[in-house]
Amino acid sequence: MHSKALRVPLRDGRTCSIRRATHADAAALYVLERAIVQARQGVVKHEDELPPDAAAYATDRERAGLHKTDGTAFPLLVESEDGALLGEASVLRLGYRMLRHVGVLGIGVHPAAQGLGVGRLLMQHLLEWVRSHRDTDGQRVLRVELCVRADNPRAIALYRAMGFQHEGARRAFLRADDGALVDDLLMGLLVT
Ligand SMILES: CC(C)(COP(=O)(O)OP(=O)(O)OC[C@H]1O[C@@H](n2cnc3c(N)ncnc32)[C@H](O)[C@@H]1OP(=O)(O)O)[C@@H](O)C(=O)NCCC(=O)NCCS
């Protein structure tokens, strides 16, 4: 699924392509994550908390299982026509058999490409991929969940538009750059 790139129009008239992310994309994904963290919007990390280099980042992704092709991971990315990475999103399933129907979603769009529809595109294709997936024994993802800062209205609006519901909050979960304590929201989608 999605290993062949699909060409799709963006809101500014340019065309982009969407495809499955592989191990070979780790270096570009590292650059993307660094740019998102530097922009300080919607993130929970500081730049010095990222892995020290692309190789370490690739190892972390591998260890997390993000490149498994057995139905554990659904990693997607969007590129511009000239091959620049615009955004990525993934669903990673929990490991225990009792929790295997649960997938945790993460998403990030390059600061220079935000507001162009990349996030919406990633969410639509990712959820479609997850919905249509069946393991060899017929099992599948039934619940997708994510956490989002309560002060991230753009992301919250996108998730609501995709059908996610607010399920709870971890109060005072993170300390923002200005020192204020910010809640973290749990949102979930039951996949039908
Ligand atoms: C949140 C994020 C993934 C959204 O992706 P995006 O490409 O910027 O968003 P899109 O252009 O696809 O817009 C999607 C929706 O977001 C909402 N949105 C967009 N811009 C917005 C703004 N300035 N204010 C509020 N909502 C906004 C709208 O509901 C929009 O819906 P529409 O498609 O009907 O217009 C992206 O901005 C991002 O990566 N931000 C930094 C990191 C982050 O917050 N990650 C999520 C952590 S939980």
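Brief remarks on what is shown
- Extended-chain gain in nm, criterion 0.36 nm per residue less alpha-carbon gap, GLU49 and GLU62: 2.9 nm
- Candidates LEU94, LEU32, LEU86: whichever shows maximal mean-square fluctuation once the chain is modelled as a Gaussian network with Cα springs under 10 Å: LEU94
- Sorted largest first, extent of the stretch 77-192 alpha carbons per principal axis (Å): 49, 41, 23
- Accessible heavy-atom area order of ARG131, ARG140, ARG20, ARG61, highest first, probe of 1.4 Å: ARG131, ARG140, ARG20, ARG61
- Within a Gaussian network of the chain (alpha carbon springs, distance under 10 Å), most fluctuating of VAL148, VAL44, VAL78: VAL44
- If you plug the beta carbon distance of ARG143 and GLN38 into 1/(1 + (r/R0)^6) with R0 = 45 Å, you get a FRET efficiency near 0.90.
- Projected label distance in nm at VAL8 and ARG175, using a 7 Å step from Cα toward the beta-carbon: 3.9
- Computed [θ] at 222 nm, deg cm²/dmol, the chain (DSSP H ≥ 4; -39,500 (n - 2.57); rounded to nearest 500): -8000 deg cm²/dmol
- Of the residues LYS4, LYS45, the one with the largest accessible area comes first in the ranking LYS4, LYS45, computed with a 1.4 Å probe on protein heavy atoms.
- For the stretch 6-190: relative contact order, % (alpha-carbon pairs under 8 angstrom, 6 or more apart): 18
- With only the Cα atoms considered, the stretch 100-152 has a convex hull volume of 86 Å³ per residue.
- Largest first, the residues THR192, THR72, THR15 sort by 1.4 Å accessible area into THR192, THR15, THR72.
- If you take the alpha carbon atoms of the stretch 1-68 and fit the smallest convex hull around them, that volume is 117 Å³ per residue.
- A Gaussian network model of the chain, with springs between Cα atoms under 10 Å, assigns the largest mean-square fluctuation among GLY117, GLY13, GLY168 to GLY13.
The values are calculated or read from the model by the stated rules, or taken from the named source; none is laboratory data. These figures come from a predicted structure and were not determined experimentally. Please note: Cβ atoms are built from the backbone with ideal geometry, for glycine as well, and neighbour counts cover all protein chains shown. The accessibility values were calculated without ligands, DNA or RNA, using every heavy atom of the protein model including side chains. Shrake-Rupley method; radii C 1.70, N 1.55, O 1.52, S 1.80 Å.
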